[in-house]
């Protein structure tokens, strides 16, 4: 496969429709459950499905040709006749893994999905742990179409065949600076009244009695661990360049990235409606071909990422260096409540907005 490289970002041709499994595409189209975009016609579902399958095809080819990793689509694992919504897009594993380990992993996945209530296929935390410990990592692929003129404004020449390397560099720089990786929260995917992390955390605490008596620190640690336990291991995002019939792949992040400095927002697109997501900037991700050397995935302790989640390690006070304490203010209207860091060692007592301490990705409140 012909691949252009611009730093960590890869640019690949969009596969010809004949390279995709047309029967599989139609099975998916007929059984797709609309999530936040409730009124998609079949033509749009088909278009979205072809886009997603094209992204999978390119990712699979990249790994086969440029790394020792391999990609297996969930649709190649499932045996439910496409009746249930997929719990992930696919899995990544070392090409040298034994077939016996893969067979057992896929058996567990299918058993979990078969036992899932309703039309959403889910896998248990225990199965996710077995997969990680076996060197098999679940992957979620988000695909987006670049919009003209918005996403091409930094390019001098955007027409296919006329672009220079500098034009591609400008486009890649725009994607790195303007876009995020994202993942749905575990407890709620669609809510009009949730626009930030505090509102989501407050919603979870109200809706789930097991959290009601928890103070801020223990509650947030439990929340972050639950989100981490139920998330896929790896998230990537690809961009379809509609003017050149190419796919841009900026890289990937591991799941801990979303929950170390949690930021929740809605998508700016009107199509996304009330859908909410954890977000993490693409510019902080890792190049896709670096995945086989990522110690967070290949290291001896693949669960170590949970120890770095928000709330597990109290950061030091900017003034005295002693550990801060997480608290929730509850005065006034609920809309005015917030999480804060406090240092009881300082005189007077020091109070800090969360984004003052976590400035990489976190917002106030």
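None of the figures in this text is laboratory data; all of them are computed from the coordinates on show. Computed from a prediction, not measured in an experiment: that's the story for all the values here. Cβ sites come from the backbone with ideal geometry, for glycine too, and all protein chains shown count toward neighbours.
What number, rounded to the nearest 500 deg cm²/dmol, is the helix-based mean residue ellipticity at 222 nm of the chain, given -39500 (n - 2.57) per DSSP H run of at least four residues and division by all its residues?
-9500 deg cm²/dmol
Can you give me the angle between helix 197-207 and the longest principal axis of the chain, using Cα atoms only, in degrees from 0 to 90, rounded to the nearest 10?
Tilt relative to the chain: about 80 degrees.
Considering the values (1) 19.1, 58; (2) 20.7, 65; (3) 21.6, 70, which represents Rg and Dmax of the Cα atoms in Å as calculated for the structure under consideration?
Matching entry in (1) 19.1, 58; (2) 20.7, 65; (3) 21.6, 70: (3).
On a 0 to 90 degree scale, rounded to 10, what angle separates helix 99-114 from the longest Cα axis of the chain?
Taking the Cα atoms of the chain, the angle to 99-114 is about 70 degrees.
For the chain, modelled as a GNM with alpha-carbon contacts under 10 angstrom, which of 327, 183, 58 fluctuates the most?
327
Treating the Cα atoms of segment 314-365 as identical point scatterers in vacuum, please give the log10 of the normalised Debye intensity I(q)/I(0) at q = 0.15, 0.22, 0.28 Å⁻¹, two decimals.
So the normalised log intensities are -0.41, -0.80, -1.08.
Consider a paramagnetic label point 7 Å from the Cα of residue 243 along Cα→Cβ; state which residues of segment 139-163 have an amide N under 16 Å from it.
145-163
Sorted from fewest to most neighbouring beta carbons within 10 Å, what does the list 11, 234 look like?
Listing 11, 234 from fewest to most nearby Cβ atoms yields 11, 234.
At a 10 angstrom cut-off on C-beta neighbours, averaged per residue, how do the peptides 306-314, 92-100 rank from highest to lowest?
Working: 306-314: 16.0, 92-100: 12.7.
Per-residue Cβ counts within 10 Å, averaged per peptide and sorted highest first, yield 306-314, 92-100.
So how tilted is helix 42-66 from the main axis of the chain? Cα-based, degrees 0 to 90, rounded to 10.
Taking Cα atoms only, the helix is inclined about 90 degrees.
Suppose a student asked you for the relative contact order of the chain, using Cα pairs under 8 Å spaced at least 6 residues apart; what percent would you report?
RCO, the chain: 17 percent.
Subtracting the Cα-Cα distance from 0.36 nm times the residue separation, let me have the gained length for residue 47 to residue 153 in nm, one decimal.
Working it through step by step, the gained length comes to 35.6 nm.
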